[in-house]
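**Student:** Mind looking over this structure? Questions follow.
Values quoted throughout were computed directly from the atomic coordinates according to the rules given, and no laboratory measurement underlies them. Treat the numbers as computed from the prediction; the structure is a model and nothing was measured. Ideal geometry is used to build each Cβ from the backbone, glycine not excepted, and the neighbour counts take in all protein chains shown.
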Amino acid sequence: MNDFLQQFLLESRELAEQATAALLSLERAPHDAEQLGTVFRAMHTLKGGAGIVDFFAMERAVHAAEDLLTAARAGRRTMDATAVGDCLACVDQVLQWLDTLEETGELPGGAEQDADGIVARFERDTGEDASPSASVPPDPSADGDSAGVSAGSYASDRLPARARDVLAAQIALVHGASGGSHGHLLSAAVTAANLLRAFDRAADADELDRIAAMRRADNMRPTLHAVLLRLLEDQPEAPAAAVAGENLPGVRGETTSRTLRVDAERIDALVRLTGEITIATNGLAHLAKVAYTDGNPMAAVLKDRHAAFAHLTADLQRSVLGLRVLPLRVVFQRFPRLLREMSAQLDKPVELKFAGEETEADKAIVEMLFEPLLHVLRNALDHGVERAPVRAGRRKPRTATIEMRASREGDQVLIEVADDGGGVDTARIRRVAAERGLADADSLEAMTEAEVTALVFAPGFSTATEVTTLSGRGVGMDAVRAAVERVGGRVSIHSEPGLGTTVRFLLPFSVMMTTVMSVEAGGQMFGVPLDTVVETIRVPQHRLGVVGAVRAVVVRDQTIPVFDLAQLLGEPPPREHPGDATIVIAAFAGQRCGLGVDALGERLDIILKPLDGLLAGTPGIAGTTLLGDGRVLLVLDIAELLQ
Amino acid sequence: MTRKVLIVDDSKLARMAVIKALDSLHPDWTRFEASDATAALEIVRREAPDIALLDFNMPGMDGLVLAAELRQQSPATHVAVISANHQVEVVNRARAAGAAFLPKPLTADALREFLVGVPDPQRSVR
């Protein structure tokens, strides 16, 4: 893919995200001129980009959306659900095209037809609304209704629909195509003040009077805009930091020169290099030990030097891994859109809130979280959030709330998904568990509520049968748990009957990914770090000679000692193998040696969990990893093993 | 004679396209890039470019307002505003700010035509 297409891909993705966030925000607040401006600019730039790379189909499709947005900005159309839906559909199509481009390296064929579909959709839906009248007399006897804005849990003393229309008209005036001269602003402020006075909103009216008294248009405009908007939405002065989807800052943050955009692959290369430096440093340790044993006068100095290196290497590794952190916002921001669809399908209005989305974690963790969180969200909506009549009966707001929270706890990251639904239905779990034979009736009787809740993690509990990428074993909380444990984390469910459910994830802040070669020795599987493997050979038994007390093999004129891996690990000495010997030749500290194994497995990319607790001091073992099928693989520390 | 050109656009892709057009005409000229008005004004202060090509559609200060600023700060710089939006109003506002208007996507031909008008520094003072 040439430079232009690469840049086009990168920028278009960011613009699409910006547009989506702004559109979702507009859905809840259709008159927010700032968000409207953001969508418009994003679409305009998307169109421009498509023109630069000669992607004519995309130009056409996005142009249709841009026309709608232009009309909306001019006050000729409202951003109602249809308008927002059409624009979102256009952005979706763009994203699909971008995916195809990334996969194939070329602009997608058949795009013209897709573009036709999008254009047709916009044409079908052109209903230009009459602009809201600016001279409607306020009617104090009209009761406050929700004016068609998507359900929210606002206070009931909102201004009635017509008053809101007037306010909206004033906002349009402030941001009109003519740029909002002082005269326009003055007129808007005064009209709004009179309106509010008629509704006994004296304090708000006074504020508008003060704004009307401002001399300079460019001071007046942003203040007036902000106040009018606030009045329209009936929101408190200071917007909370954790408001649903609408205020997630875009991924695109390169307005200052203090940030750099770096290719993820370069960072991965750096991580690998750091790993190799660590190994080389370990070689120094070995050297220092040998010098000590030999009584070499350099021993003490070498030991110090090694210690210095080890510190620096550890720091380097921490810093480099720190480059790979991403804010959780990156995964969180994929959900508002998906939740909107699920919520519509199930007819359960729900608001998604975020907190702590700037908390950071390793890229591998952030990326891995998408499917588990999606599954948990689905559960919350399916099982947690009650249907409208039930919620009403429980005096809960019509719109349910799901909050996704992230925070740092020491060297771990805590992520919670909390809903205000009915909590976990333990009676249902008991039934299902009994049905599926997960536990017998007596055990179920004896279990506490918490224990029953934990049964959802049992394999075989889930009722769905589709297979996902989570673990190949199907959807369900068991797959979620497996995915989380594979990166060294834990997941748990906490439920308060009638009040809600919280799913809690505790994950390590950073992870170490390495590639290992799996081998079989003494009937068990082990992982050999690939960085230590030079080559693997199979030789007939007779080529293994004995040199002193040790077996050896000659490879390309080099004599290499060979040790039986099973024996090194404390297994009983092997019987003589009938066939060829399989030898993994490993290098460390500048030396080579061979490890005799029973069989070779495959190369695996794994996340290494260092040993902790009782096993921490076990020599020869670097750590463990959880394989996809749930087995634990011991990963060897070759240098230690061979000392 | 080599000249200094400033290219301002929040989209790197768009800047790449302008540079490509410029390269096809004058590969030896010096270019400076900025992704927003603030950075652009800084470059103008430092480098006093001969020519400035500004995108209209930018967040914050848009190209037209920036054009007016530039004409004030550096009257000798020849400014052109680039936009896909060909409305008469935009073109007029550009002219009123003392800048030329160039349609987007920018072609080498349009750029060449604009540059033809550049040699004589405009002496009108605002």
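**Student:** To the nearest 0.05, how large is the calculated FRET efficiency for B:Arg46 and A:Asp99 if R₀ is 45 Å and r is the Cβ-Cβ distance?
**Tutor:** Step by step, r from the Cβ atoms, then E = 0.60.
**Student:** With runs of 4+ DSSP H residues as the only contributors, calculate the mean residue ellipticity of chain B at 222 nm using -39,500 (n - 2.57) per run, divided by the residue total and rounded to the nearest 500. Working shown, then result.
**Tutor:** Numbers: 5 runs with 54 residues, N = 126.
Taken over chain B, the calculation gives -13000 deg cm²/dmol.
**Student:** Rank by packing, highest mean first: peptides A:11-22, A:328-339, with packing defined as the count of other Cβ atoms within 10 Å averaged across residues.
**Tutor:** Top to bottom by mean Cβ count within 10 Å: A:11-22, A:328-339.
**Student:** What does the charge add up to near A:Ser443, with Lys and Arg as +1, Asp and Glu as -1, over the other residues with Cβ less than 11 Å from its Cβ?
**Tutor:** The answer is -3.
**Student:** Pull out the extension gain between A:Phe461 and A:Asn2, defined as 0.36 nm times the separation in residues minus the alpha carbon to alpha carbon distance; nm, one decimal.
**Tutor:** Result for the pair: 160.3 nm of gain on full extension.
**Student:** Could you work out the relative contact order of chain B, using alpha carbon pairs under 8 angstrom and six or more residues apart, expressed as a whole percent?
**Tutor:** Reported relative contact order: 24 percent.
**Student:** Here is a further query. All other residues with a Cβ under 11 Å from the Cβ of A:Arg337 taken together, and with Lys, Arg as +1 and Asp, Glu as -1, what is their net charge?
**Tutor:** Summing Lys/Arg as +1 and Asp/Glu as -1 gives -2.
**Student:** What ranking do B:Leu25, A:Leu565 get, fewest neighbouring Cβ atoms within 10 angstrom at the top?
**Tutor:** Working: B:Leu25 12, A:Leu565 27.
In order of increasing Cβ crowding within 10 Å: B:Leu25, A:Leu565.
**Student:** Using a ≥ b ≥ c from the Cα gyration tensor of chain B (square roots of the eigenvalues), is it rounded, prolate or oblate, where a/c under 1.5 gives rounded and otherwise the larger of a/b and b/c decides, a/b for prolate?
**Tutor:** Because its axes are fairly even, with a/c under 1.5, chain B counts as rounded.
**Student:** How much net charge surrounds B:Trp29 when only the other residues with a Cβ under 11 Å from the Cβ of B:Trp29 are counted, with Lys and Arg +1 and Asp and Glu -1?
**Tutor:** Here the charged neighbours net out to 0.
**Student:** Tell me, A:Ser443, B:Ser35 in order of fewest to most beta-carbon neighbours within 10 Å?
**Tutor:** A:Ser443, B:Ser35
**Student:** Right, next: Give me, ordered by chain and number, the residues 5 or more places off B:Ala84 or on other chains with an amide H under 5 Å from its own placed amide H.
**Tutor:** The answer is B:Lys104.
**Student:** Provide B:Ile43, B:Ile82, A:Ile277 in ascending order of the number of other Cβ atoms located within 10 Å of each residue's Cβ, fewest first.
**Tutor:** On the way: B:Ile43 19, B:Ile82 28, A:Ile277 16.
Ranked by crowding around the Cβ, least crowded first: A:Ile277, B:Ile43, B:Ile82.
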